[in-house]
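In what follows, a structure is listed as structure tokens, so that the remarks can point back to it.
The values are calculated or read from the model by the stated rules, or taken from the named source; none is laboratory data. None of the values given here were measured: they were computed from a predicted structure. Note that each Cβ is placed from the backbone with ideal geometry, even for glycine, and that neighbours are counted across all protein chains shown.
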Amino acid sequence: MEQHQAKLTDKQKDVLKFIYEQIRHHQQPPTFREIGENFGFSSLGTVRDHLKALVNKGYIRMVEGKARAIELVRETLFQVPVLGRVQAGMPAFAVEDLEGYLNMDQFVFPDPDVFALRVKGDSMIDAGIMEDDFVLIKRQQVAQIGEIVVALKGDDATVKYLRKRDGLYWLDPANENYEPIAVNEDTSIIGKVIQVLREY
């Protein structure tokens, strides 16, 4: 199924989040008036403008004849691309190979620069990251010491802690059976781990 990629403004995203949370927690969408009161809009016309934009961008639909007329278009919401697997062990060749989309309904609006990788290997088990877990990665080229990152060594990718010892940077495993990997000129950070997801 083709995924709608229309970009939302910050306020449209806030309104959509409010609608989503009301449906999730109260099992019914908000009324126009409830949306207006929540955001302090001065008129219902402003609410209608935001809802019309969400309809046009494919995130909601309106049902005629209902007081609570908003419905989510579920197929378009809260998905991040799964771009392949990342090694939690020795580094393994990394290719951006779209495996599909990870449904993120239970999370709040991932940013466009967030993607998912499936973990391979057991070098991060003491950090609670197991083989076949999904890790959500925020694309960035820098990270703080102690953060869990995805790093490239040449063409090989691995997920590890970023550490510094004796003035040198290291990619540290969370499993005593693995050795740290030295960071050198062939190493680059492609993102940091922001969430671990596990399917049961």
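The set of residues in the range 165-193 that are within 18 Å of residue 127 (Cα to Cα) and either of a type in the set (Lys, Arg) or not assigned by TED's automatic domain parsing to the domain that holds residue 88 (or both) contains only 192. In the range 10-24, how many are surrounded by 18 or more Cβ atoms within 10 Å (Cβ to Cβ) and without any contact (Cβ under 8 Å) to a residue 60 or more places away in the chain? Residues in the range 10-24 being surrounded by 18 or more Cβ atoms within 10 Å (Cβ to Cβ) and without any contact (Cβ under 8 Å) to a residue 60 or more places away in the chain: 5 in total. Applying the criterion of being assigned to a loop (DSSP other than H, G, I, E, B) and within 15 Å of the chain's Cα centre (by Cα) to the residues of the range 126-164, the residue that is surrounded by the most Cβ atoms within 10 Å (Cβ to Cβ) is 133.
Scanning the range 45-70 for residues that are of a type outside the set (Val, Ile, Thr) and under 23 Å from the mean Cα position of the chain (by Cα) yields a total of 4. Screening the range 168-200 for residues that are crowded, with 17+ Cβ neighbours inside 10 Å and of a type in the set (D, E, K, R) and picking the one that is nearest to the chain's Cα centre (by Cα) gives 192.
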